Every structure is written in structure tokens, then in C-alpha cells.
Amino acid sequence: MKIIVTHTSPDWDAITSVWLLKKYLAGWQDATVRFVPAGERLKELASRVQNTALKNPIEMMGEDEVIHVDTGLGPLDHHQTSDDTVSAASLTWDFVRKQIEKGGEQLTEEHTQAVSRIVNIVVEGDHFKEVFWPDAASDRYEFGLWGVLEGMKFEKQNQDDYYVDFGIQCLNALAANFENRIWAEKEINEKGIKFATRFGPGIGFETLNDTVLKLSQKMGYVLVVRKDPRKNYVRIKALPNRPSPNYQPLQPHPNPLVTGKGTSIDLTLAYEQLKKIDPEATWFLHVSKKMLLNGSPKNPKMRPTKLSLGDIIKVLEKI
């Protein structure tokens, strides 16, 4: 039997450590998770002395294999160091990666980057560095995983297994999302077709990755167009208006041409011109005038355009 031991009322550092072991350490996918008071060890192993000099965190308890994470002062517990760039999750990730390499396997570069980004954020949060985030007291941060876990501990008290199971589902989803974001970053840097408009820079893509739309806007592009090379669907998005006149962004937008209220882009003219050029295609202009669609999985009756991405960009350059 394989057993992972962490502290009661697990935080994201403990949960992430358990997730890393169960997901990436060969043979530990079905390991049992047990909980002890913070700093302590499993009762059966309490007499054993652990220190950071031990290289292998796997201990034998009879016929069982045991790993302590974020507790017990072992090699996967960071509480004996003042280094604020290290946590149990980072120690566990380092250990797991070495075991993967020893086994002759290899994670993709994108997936490795995705998990590393997650671990870096967990380390930052475990050392309370979120107090230095922009607009740190904003309600929007309570909508993140830290806020969700804290609320769950009020709603479902003393249910450590539930917290870990929930956290593992979240981390699996986050790993997929980060991997998709890394792909989108690569598409933006390597395949994006940049163009100029009177409102500021635009960028176009022929890609399956829809994340390039929102990410490009966050990076400073006021107009973004994506064409799906598989179904020929087209999505055009302009930077939205601010939610209210009193809205204060967390950080200034990277494009200095964007005003405090957003952009004045109205896609009506683009809608009319594209309809004229390709009248057989189905074009939908959102009521905000900031989103123009041609084809959508939400409406299979929409007819995709025959225009190329270059043709569409030419129209957008002139609006």
C-alpha cells in the first residue's frame, strides 16, 4: 500500500503536493492520503528522525510505502528553511521530475511549463506574497481558488479528503488551461499577423486555439480576428468598453492608445462590408458592436465565409 501524508485542513501547497505525487509519480495514482496535525508525522513513523539531507522521501512502514509532504520535517517539507522561493509543492515537483527522468519518460515541454507555472503561483501564495499583487484587496481575488477553498472549509468543515479531491480536480483543469495558454502564447509570437488600425494595433490568426483572442487583447491588441482552419469559422473581437465611468483597472493597459473608457471601435462598418463582399456567409454582430462572428458551434446553421484571413484583415484595417 502507498500512503501520502500531509497536514489536516490542507492548504493549496499541501493539496498541490499530493496532486503532483498522485498524478506524476509512477505507481502512486491510487495512493491513500492521510492527515496529521501540522508539523507532525504519521503515528507509526513518529519515532523516525527526518531531515533535509535525506534524498528519498519514500519510507517503509512494514510493507507500506509512505511519503510525507508539507509536514514531518522531511525532504518534501519546507518549514525548516527561510527561503521564500521554496514550498512543499516546489520540492515535490523537483522530486517528481527527477523520478520521471530516471524512468526514461518525459513530459512535453508545454506540459512541464504549465505545471511549473502552477507551482510557482502556489509557492507565491504559500508565502503570502498575494498581498503585493496589484489592487490586492480587490474582491476579484476572492473568486480565485484561495477564496473557494477558504469558503469550502466554512461550508464543509473538517472534510480533509473532500478538500484534496476537489483540489485535484481543479489542478487537473488548471494544468490543461495553462498548457492551452502556453500554446496560445506561441501562436501569438510565431503565427500572429499584425496589422494597423486607427484605434491601435490589431492581430489575426488562423488557428484552432480560441484563447488567442482574449490573451491578445490583454497583451495590448485592440482588434483581434481568428479563423478556424478546420471549419472556417471567424471570430472578430474589439477591446470592450470599461464596465463603468468609475472603473479603475488593476494595471494600465499595455496599449497607451486605449482610453480610460476602452476603445471607440464599432464593428458595424466591418459587418456591413463583409456582408457585401460575402453575402452568402452568415454574419452576426453582437449588440455591443465589439464582437463579429461568422459561424459558431453554438449555431450549426451559420454558413462559414469563403474569405481568407487576409481578405478579412484588409476590411478591418479600413474601419
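Couplings for the stretch 194-200, taken from phi via the Karplus curve 6.51 cos²θ - 1.76 cosθ + 1.60 with θ = phi - 60°, read 7, 8, 9, 10, 6, 8, x Hz in order; Gly and Pro are left as x. For the stretch 1-130, the equivalent ellipsoid derived from the alpha-carbon gyration tensor has semi-axes of 22, 19, 13 Å in decreasing order. Residues Phe205, Phe143, arranged from fewest to most other Cβ atoms within 10 angstrom of their Cβ, appear as Phe143, Phe205.
What does the net charge come to around Asn180 if you take all other residues with beta carbon closer than 13 Å to its beta carbon, with K and R at +1 and D and E at -1?
Details: positive: Arg117, Arg181, Lys186, Lys214; negative: Glu110, Glu179, Glu185, Glu187, Asp210.
Every neighbour counted, the sum reads -1.
Computed over the chain with a Gaussian network model linking Cα atoms closer than 10 Å, the most mobile of Pro279, Pro37, Pro297 is Pro297.
Express the Stokes-Einstein translational diffusion coefficient of the chain in µm² s⁻¹, to the nearest whole number, given a Kirkwood radius over alpha-carbon pairs, 25 °C and a viscosity of 0.890 mPa s.
Once the numbers are plugged in, D ends up at 107 µm²/s.
Across the chain, Cα pairs under 8 Å and at least six residues apart give a relative contact order of 13 percent. A simple rule links phi to the HN-Hα coupling: the Karplus curve 6.51 cos²θ - 1.76 cosθ + 1.60 with θ = phi - 60°, which for the stretch 290-304 gives 10, 9, 10, 10, 9, x, 6, x, 6, 9, x, 7, 5, 9, x Hz, with x for Gly and Pro. Helical content alone sets the calculated 222 nm signal of the chain at -11500 deg cm²/dmol, taking -39,500 (n - 2.57) per DSSP H segment of four or more residues and averaging over every residue. Among Gly200, Gly147, Gly125, the residue with the largest mean-square fluctuation in a Gaussian network model of the chain, with springs joining Cα atoms closer than 10 Å, is Gly147.
Relative to the longest principal axis of the C-alpha atoms of the chain, give the angle of the C-alpha long axis of helix 268-277, reported between 0 and 90° and rounded to the nearest 10°. For 268-277 against the chain, the angle is about 70 degrees. By the beta-carbon count within 10 Å of each Cβ, the least crowded to most crowded order of Glu109, Glu40, fewest first, is Glu109, Glu40.
Taking label positions 7 Å along the Cα-Cβ direction at both Gln80 and Lys23, the computed distance is 2.8 nm, reported to one decimal.
Put simply, the amide H of Val5, placed in the peptide plane, has neighbours under 5 Å in Arg34, Ile67, His68, Val69, leaving out anything fewer than 5 places away on its chain.
Helix 109-126 axis versus longest C-alpha principal axis of the chain: approximately 70°, rounded to the nearest ten.
Phi-derived couplings, Karplus 6.51 cos²θ - 1.76 cosθ + 1.60 at θ = phi - 60°, listed residue by residue for the stretch 88-100: 4, 5, 5, 5, 5, 5, 4, 5, 5, 4, 5, 5, 5 Hz, with x used for Gly and Pro.
Bear in mind these aren't lab numbers, they're just calculated from the coordinates by the rules spelled out. As the structure is a computational prediction, the values presented were derived from the model and not from experiment. Positions of Cβ are generated from backbone atoms using ideal geometry, with glycine treated the same way; all protein chains shown enter the neighbour counts.
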